[in-house]
Each structure stands twice: as C-alpha cells, then as structure tokens.
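**Q** Below: one structure in structure tokens.
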Amino acid sequence: MIYEQLGDYIKNRIEVSDENLHTILSYFKPLKKGKNELLLTAGQTSQNTYFVGKGCLRIYYINEEGKDVTRYIAFENQIATALVSFITKIPSTEYIQVIEKSELLYISHEDFNHLLKTIPEWMPFYCAYLERAYVNNTNRLMSFTTMDALERYQLLLKINPAIVKRLPNKIVASYINISQETLSRLKSKV
C-alpha cells in the first residue's frame with residue numbers, strides 16, 4: 001500500500017516508465033516510528049529523505065531564545081528532509097520529529113544520487129521537489145513580514161487546515177510564528 005502511495009506521488013509529478021518507477025521504488029525502504037521519536041537531531045548530517053505514508057513529521061530548529069521553531073510539517077503523501085544538510089552534507093541545525101505514529105519510506109542520500117545518475121526521470125522529479133520547497137519557504141518567510149498573526153492563521157486554515165486540526169497548539173503556534181496565547185485568542189475569534 002505505502003509503495004503504491006509513493007508510486008502515485010511520483011507519477012503525479014513526472015512521466016516515468018513502469019520499469020523505471022519499479023527501480024525507483026526499490027531504493028526506498030520501509031520504516032515505522034512512534035510518536036515523538038527523532039529521525040534527525042541538530043549536529044547530525046541528514047542522510048535520508050522520507051515519504052510519509054501514514055502519520056506526520058515535523059522539521060524544526062531551536063532559536064536563540066531556546067524555543068522550537070517549526071519550519072515544515074509533512075502529512076500523508078508528502079516528502080520531508082532537512083534539505084540544506086541533505087544537499088550540502090554539512091551537519092544539520094534542524095531536527096526531524098515524528099509527531100504521530102508514522103509509516104514511512106526513506107531513501108538514503110547515496111541512493112537518491114544514484115537515481116539522479118541512472119534514471120533520467122528522477123532529475124525532473126528532484127527539480128520539481130526543490131522548486132516546491134523554495135516556493136513554500138519563500139511564501140512562509142514573506143508571510144512573517146507582510147501579515148499579522150490573524151492573517152497568518154487564516155492563511156494556514158485556508159491552505160493547510162490539517163495542521164490546525166491534527167496538531168497541538170504549541171506546534172501550530174511555532175509554525176506560524178506566534179505565541180500559544182495569541183493562537184488561543186485567534187481560535188476563539190475565527
């Protein structure tokens with residue numbers, strides 16, 4: 001089932017032959033993790049990219065005040081990694097945490113790069129992934145400087161309501177860069 005999910009995810013983004021899709025999928029390995037387990041801690045180099053079949057992953061870092069800042073949340077049928085570390089091979093400043101009991105597929109950095117060299121369709125997939133990551137991160141950064149707390153919360157409800165429905169207030173607040181108290185007030189207004 002989870003391999004079918006990943007196959008559909010890939011086919012929705014690129015045209016790929018059945019043979020090459022089978023080869024791509026063969027490089028992904030299954031992994032089950034419990035709630036709150038860490039897949040990566042700050043200081044480690046990101047070795048894997050994860051596909052979420054079931055559950056939720058969170059990528060976060062600790063700011064200078066010692067608070068968690070959530071950068072990315074991946075639910076079912078999404079991919080997650082500490083991308084800067086994965087690309088540069090330098091130690092990560094981020095953590096990857098399992099938020100809900102999760103069923104994942106992962107591919108190592110080495111296997112990911114092997115696919116880039118051997119499967120022509122994998123490069124367009126990777127480019128599309130990088131473009132989406134860039135657009136998402138840019139839009140989030142812009143929202144922090146151009147929107148107030150209410151506007152950011154309303155935008156989150158519009159584009160990804162699952163974050164608000166499924167995750168604790170602490171994580172939701174850190175994702176839209178507001179305090180938990182502000183989030184509680186906004187939830188009562190909206």
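The values are calculated or read from the model by the stated rules, or taken from the named source; none is laboratory data. Not measured: the values here are computed from a predicted model. Using ideal geometry, Cβ is built from the backbone for each residue, glycine included, and neighbour counts are taken over all protein chains shown. The area values use the complete protein model at the heavy-atom level, side chains included, leaving out ligands, DNA and RNA. Shrake-Rupley method; radii C 1.70, N 1.55, O 1.52, S 1.80 Å.
**Q** What lysines does K189 reach when the alpha-carbon gap must be under 17 Å and sequence neighbours fewer than 8 apart in one chain are set aside?
**A** Candidates past the 8-residue exclusion: K158, K165.
**Q** Mind ranking 104-110, 28-34 by how tightly packed they are, going by the mean number of other C-beta atoms within 10 angstrom, highest first?
**A** 104-110, 28-34
**Q** Give the long-range amide H neighbours of T45: residues separated by 5 or more places, or on another chain, with amide H under 5 Å away, using H modelled in the peptide plane at 1.01 Å from N.
**A** Residues meeting the amide H criterion: S92.
**Q** By a straight-distance test (C-alpha under 21 Å), which lysines pair with K11 as possible cross-link partners, with residues fewer than eight away in the same chain excluded?
**A** Leaving aside lysines fewer than 8 places away in the same chain, those within reach of K11 are K29, K54, K117.
**Q** Same structure, new question: Using a 10 angstrom cutoff on alpha carbons, build the Gaussian network for the chain and name the most mobile of E100, E65, E37.
**A** Residue with maximal mean-square fluctuation among E100, E65, E37: E65.
**Q** Hey, another quick one. Can you order the peptides 72-82, 174-184 by their average number of other Cβ atoms within 10 Å per residue, highest first?
**A** Going by the mean number of other Cβ atoms within 10 Å, highest first, we get 72-82, 174-184.
**Q** Here's a follow-up. Please turn the phi angles of the stretch 38-55 into ³J(HN,Hα) values with the Karplus equation 6.51 cos²θ - 1.76 cosθ + 1.60 (θ = phi - 60°), one per residue in order, whole Hz, x for glycine and proline.
**A** So the Karplus estimates, Gly and Pro as x, are 9, 8, 8, 10, 4, x, 8, 8, 5, 9, 9, 10, 10, 10, 8, x, 8, x Hz.
**Q** Modelled label-to-label distance, Y129 and N63, 7 Å Cα→beta-carbon offset: nm?
**A** 2.9
**Q** May I ask you to evaluate 6.51 cos²θ - 1.76 cosθ + 1.60, the Karplus curve with θ = phi - 60°, for each residue of the stretch 116-127 and list the ³J(HN,Hα) values in order in whole Hz, giving x for glycine and proline?
**A** In residue order, the calculated couplings are 4, 7, 10, 10, x, 6, 5, 5, x, 4, 4, 4 Hz.
**Q** Taking amide H positions as placed in the peptide plane 1.01 Å from N, state which residues far from E37 in sequence (5 or more) or on other chains have amide H under 5 Å from it.
**A** Distant-sequence amide H within range of E37: V98.
**Q** From the backbone phi of the stretch 64-73, what are the Karplus-calculated ³J(HN,Hα) couplings (6.51 cos²θ - 1.76 cosθ + 1.60, θ = phi - 60°) in whole Hz, Gly and Pro given as x?
**A** Result, ordered by residue: 5, 8, x, 9, 5, 10, 7, 9, 8, 10 Hz.
**Q** Provide the gained length on full extension for the span K158 to Q44, in nm with one decimal, where the gain is 0.36 nm per separating residue minus the Cα-Cα distance.
**A** Residue separation times 0.36 nm, minus the Cα-Cα distance, leaves 37.6 nm.
**Q** Scale the Cα Rg of the chain by the rule-of-thumb value 2.2 N^0.38 Å and send over the ratio, two decimals.
**A** 1.07
**Q** Projected area of the stretch 1-111, taken from the Cα convex hull and averaged over every viewing direction, in nm²?
**A** 7.0
**Q** First compute the accessible area of the stretch 1-111 with a 1.4 Å probe, then give the percent of it belonging to carbon and sulfur atoms.
**A** In the stretch 1-111, the share of accessible area belonging to carbon and sulfur is 49 percent.
**Q** In degrees from 0 to 90, rounded to the nearest 10, what is the angle of the helix 2-11 Cα long axis to the longest principal axis of the chain?
**A** 90
**Q** While we're on this one: Can you give the FRET efficiency to the nearest 0.05 for S17 and L116, using r as the Cβ-Cβ distance and R₀ = 22 Å?
**A** Result of the calculation: an efficiency of 0.85.
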